[in-house]
Amino acid sequence: MGDLWPAAGAAQGTVSLRPPAHAVERRAIAWWMLQSLLFGGALLAVSVIGYLFWEGARSWLGFVVVAVAVLLVVDLVVEPLWRYRVHRWETSAEAVYARTGWLVREWRAAPLARVQTVDAVQGPLEQLLGLSTLRVTTASSRGAIDIGGLDRDTAVRVAEELTRIAQLTPGDAT
Amino acid sequence: MSERSEHAGRWEQLSVRMVLVDLTQSLLATLPAVVAVGLTGAGRGQIWPLIGLAAFGIIGAIADAWRWVFTRYRISPAHVELKSGVFVRRHRSIRRDRIRSVDVEARLRHRLGGLRVVKIGAGQQASDGESALELDALSAADARVLQDRLLDPRDTAIGDPVPSEVGPGRDEPLRVFARFDPRWVICNVFNAWAYLLALGLGWGGFWLLDSFGLDVSGFILGLLDWSAIGWAGTVAIVFFAVSVFGAAGLAVNYFTEYWNFELARVRGAEGTLLRTRHGLFTTREVGRDENRFRGAQISEPVLWRWMGVSDTTVITTGLSMWSMSQPAAILPRGPVAFARRVVTEVLGTEENLFEAPLARHPRAALWRRLWWATGLSAAMALPLVGLAVAGVVPVAVLWPAAVIWPVSLGAAVVAFRALGHAIRGPYLVTRSGLVSRATTVLQRTAVSTIVVRESLLQRRLGLCTVSAMTAAGYGGYDTPDIDAQDGLSFALEAAPGLLDPFVTVTGGEEPEGSAPGDPGRRRAGAAFG
């Protein structure tokens with residue numbers, strides 16, 4: 001078992017997952033900002049309206065408004081910039097590899113031999129920004145890899161490439 | 001009908017005996033109401049529920065008979081098709097090479113009529129929205145023939161179906177792993193469901209006796225001198241009585257459900273099937289294709305761990321884990337040592353993987369649990385303190401709140417002690433869980449996606465969570481809070497070769513692309529870049 005990866009025992013240094021090769025598009029920052037703005041903005045609007053029209057609850061609704069505002073600023077500024085530094089992706093002839101998250105970071109790797117579908121999907125905000133999400137699914141219901149914030153053409157090209165490679169691999173992918 | 005079903009491509013009808021069963025059901029449903037009126041002359045107010053019951057039974061039977069009229073099924077070389085629906089016609093077809101399981105079931109009413117329900121399972125998971133195709137019901141002989149045909153790969157070829165060797169031999173198990181054991185009833189009566197069952201049965205019994213004009217509440221009130229016993233005594237007695245009543249109900253349930261239980265390996269169409277069958281009134285037989293097995297899981301509920309109580313499931317593709325009937329469960333709730341031995345025999349591993357030595361997780365994992373326990377207790381207690389100070393709730397409410405913290409700290413320790421992982425030959429072994437400590441044994445070749453997660457607190461503590469995703473079972477199995485270095489080696493070995501191109505060995509330098517805003521990174525370079 002240990003000989004599967006001899007370097008682990010042999011090396012004196014520490015082992016680490018290296019960052020995937022490619023960063024996502026810079027426009028992805030705008031995408032995440034817009035998402036935060038839509039969701040957090042709606043939340044802020046609701047709490048402000050509550051504060052204005054529900055006089056009996058102003059004493060504690062004030063705290064809610066401030067808390068929502070702070071969260072909105074964090075979501076709007078910190079989260080997108082942080083995500084941009086974390087989100088990276090890479091594909092090889094054998095596997096798809098991606099790193100996502102901000103407070104909780106996640107590394108996902110799936111072998112192409114197990115890939116069932118590869119799609120480039122676009123939500124409304126992504127269409128606006130010319131972005132696309134590469135969605136790679138495996139037979140496992142929890143095993144999908146989503147790589148958001150890619151250029152539309154890149155996503156389509158990679159999806160076609162992966163589909164072509166995955167079809168070459170025999171087996172029923174379970 | 002059995003000779004007709006040999007031909008492919010003919011639309012068949014469900015067994016006509018269903019209509020007779022429905023007729024009987026209608027008659028039986030009206031019986032309680034008739035008896036109640038005829039014998040006891042019960043008042044009109046009390047008779048309504050019985051009339052409701054009768055109406056429910058009759059309408060159900062009519063709907064069922066109507067369904068028989070409009071339902072047709074067809075087995076062609078490539079497909080199984082079902083046409084059903086009275087107002088909305090539904091045509092469902094399943095490709096035969098997608099069929100994963102063919103189960104034969106019977107409820108009491110089916111067994112009395114010599115009928116069987118055939119459930120055809122196809123596709124991946126229930127979460128994909130692919131539900132089974134159900135033929136309710138065929139005659140017992142037809143059901144058996146159909147099951148054999150559908151599970152026979154030679155029959156799926158285009159052309160004349162090859163007559164399969166049905167009959168003797170098929171039913172004889174190659175090997176029996178476990179049989180019904182009445183002693184296991186002990187494991188099945190201690191369960192929180194006992195209280196729900198007791199309340200349900202109690203309420204039902206009360207209502208039934210009441211509608212026959214018996215004064216139940218008066219009887220209970222006259223049983224003991226309740227005012228002399230006092231408030232606390234009454235609660236204790238009621239609690240005890242409900243516990244005993246519920247446990248007795250569960251015991252009866254265990255005997256009726258698992259009567260004649262047998263776990264055996266039988267010959268299947270492609271290789272072997274692992275078959276369970278059990279039941280006194282309702283019989284249930286499930287065959288699971290052993291080619292699809294990817295591992296097994298034994299979980300031990302926390303309250304009864306000292307008794308060694310365990311639930312055993314196999315990790316296999318094509319069976320729904322969320323189904324109420326739990327097709328993946330291969331043993332009734334029983335002693336853990338026995339379950340481990342049986343699973344080892346079923347999987348055919350040399351050593352008992354469930355008793356393999358597991359690597360302990362670092363103390364930091366305990367700290368993380370203690371922090372969470374403290375944080376959650378504080379989040380629950382502080383608002384209560386605030387309300388008590390403001391005089392909204394009485395101060396006495398704080399006492400239960402004060403208990404939360406030590407209890408959750410205890411839970412944190414229990415959860416930490418449950419953690420463990422190992423790589424043993426072709427399998428990975430992982431154990432975790434507080435409420436139910438689950439030991440999972442999973443084939444490493446079945447792992448399709450590897451996920452390594454690291455939250456801010458985990459990174460500070462030098463921990464990570466490794467998940468092995470697979471097409472089988474729950475779709476993925478987590479190993480929480482491993483030491484970041486061990487976790488990476490575990491991930492590397494869990495899916496051999498997958499992560500190899502993506503790791504680097506560093507001499508302890510800060511990896512590139514590290515996220516900002518994590519000043520407390522305790523072990524620089526230990527966590528991944």
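The values are calculated or read from the model by the stated rules, or taken from the named source; none is laboratory data. If you're wondering where the values come from, they're calculated on a predicted model, not measured in any experiment. Virtual Cβ from ideal backbone geometry, glycine too; neighbours counted across all protein chains shown. Just so you know, the surface numbers come from the protein's heavy atoms only, side chains and all, with ligands and any DNA or RNA stripped out. Shrake-Rupley method; radii C 1.70, N 1.55, O 1.52, S 1.80 Å.
Restricting the stretch B:413-455 to residues that are among the charged types (D, E, K, R) and in a strand (DSSP E or B), the residue that is farthest from the other protein chains (Cβ to nearest Cβ) is B:ARG437. Scanning the stretch B:490-505 for residues that are crowded, with 21+ Cβ neighbours inside 10 Å, in a helix (DSSP H, G or I) and within 7 Å of another protein chain (Cβ to nearest Cβ) gives B:LEU492, B:PHE502. Conditions first: (1) modelled with pLDDT under 80; (2) closer than 30 Å to B:PHE239 by Cα. B:SER93 passes all but one, so which condition is the exception? For B:SER93, the exception is condition (2).
Screening the stretch A:91-112 for residues that are of a type outside the set (A, V, I, L, M), at the interface with chain B (Cβ under 7 Å from one of its Cβ atoms) and part of a strand (DSSP E or B) and picking the one that is surrounded by the fewest Cβ atoms within 10 Å (Cβ to Cβ) gives A:GLU106. Looking at the structure I just gave you, is B:ALA328 in contact (Cβ under 8 Å) with a residue 24 or more places away in the chain and either in contact with a Leu (Cβ under 9 Å, 6 or more places away or on another chain) or closer than 30 Å to B:ALA494 by Cβ (or both)? Here the answer is yes, as B:ALA328 does meet what is asked.
Cβ-Cβ distances below 6 Å connect the following pairs, each with a first residue in the stretch A:129-156 that is more than 9 Å from chain B (Cβ to nearest Cβ), a second residue that is of a type in the set (S, T, N, Q) and open to solvent by less than 40 Å² (accessible area, probe 1.4 Å), and a separation of six or more residues or different chains: A:ASP146/A:THR133; A:GLY148/A:THR133; A:LEU150/A:SER132; A:ARG152/A:SER132; A:ALA155/A:SER132. Between B:ALA264, B:ALA269, B:ALA228, the distinction of being closer than 17 Å to B:GLU172 by Cα and either modelled with pLDDT under 80 or in the same structural domain as B:LEU150 (by TED's automatic domain parsing) (or both) belongs to B:ALA269 only. Taking the criterion of being part of a loop (DSSP other than H, G, I, E, B) and open to solvent by 40 Å² or more (accessible area, probe 1.4 Å), the residues of the stretch B:338-350 that qualify are B:GLY348, B:GLU350. Scanning the stretch B:368-384 for residues that are surrounded by 15 or more Cβ atoms within 10 Å (Cβ to Cβ) and over 32 Å from the mean Cα position of the chain (by Cα) yields B:ALA381, B:LEU384.
Here the stretch B:463-485 is the region considered, the condition is being more than 10 Å from chain A (Cβ to nearest Cβ) and open to solvent by 10 Å² or more (accessible area, probe 1.4 Å), and the residue that is farthest from B:SER299 (Cα to Cα) is B:ASP483. Suppose we filter the stretch A:18-32 for residues that are within 12 Å of chain B (Cβ to nearest Cβ) and small (Gly, Ala, Ser); how many remain? So the count comes out to 2. Tell me yes or no: at least one residue of the stretch A:93-100 is modelled with pLDDT under 95 and over 19 Å from the mean Cα position of the chain (by Cα). Yes: one or more hits. Looking across A:VAL70, A:VAL78, one residue alone is more than 8 Å from chain B (Cβ to nearest Cβ), out of contact with any strand residue (DSSP E or B) (no Cβ under 9 Å at 6 or more places or on another chain) and free of Cβ contacts under 8 Å to residues at least 40 places away in the same chain. It is A:VAL70.
Selection of the stretch A:135-152 for residues being at pLDDT 90 or above and not hydrophobic (A, V, I, L, M, F, W, C) yields A:ARG135, A:ASP146, A:GLY148, A:GLY149, A:ASP151, A:ARG152. Against the test of being touching a Leu at 6+ places or on another chain (Cβ under 8 Å) and either part of a loop (DSSP other than H, G, I, E, B) or at pLDDT below 80 (or both), the options B:SER127, B:SER131, B:SER101 yield a single qualifying residue, B:SER101. Of all the criteria given as (1) over 20 Å from B:PHE502 (Cα atoms); (2) at pLDDT below 90; (3) of a type in the set (Val, Ile, Thr); (4) surrounded by 15 or more Cβ atoms within 10 Å (Cβ to Cβ), the one not satisfied by A:VAL115 is (1).
A residue that is part of a helix (DSSP H, G or I) and touching a residue at least 40 places away in the same chain (Cβ under 8 Å) occurs nowhere in the stretch A:53-62. The helices (runs of 4 or more DSSP H) found entirely in the stretch B:179-292 that carry 1 or more residues being under 27 Å from B:PRO335 (Cβ atoms), open to solvent by 40 Å² or more (accessible area, probe 1.4 Å) and among the acidic types (Asp, Glu) are B:226-258. Among the residues of the stretch B:351-364, those identified as surrounded by fewer than 22 Cβ atoms within 10 Å (Cβ to Cβ) and in contact (Cβ under 8 Å) with a residue 12 or more places away in the chain are B:GLU351, B:ASN352, B:GLU355, B:ALA356, B:PRO357, B:LEU358, B:ALA359, B:ARG360, B:PRO362, B:ALA364.
Number of residues in the stretch B:73-98 that are under 26 Å from B:GLU290 (Cβ atoms), charged (D, E, K, R) and part of a strand (DSSP E or B) equals 1.
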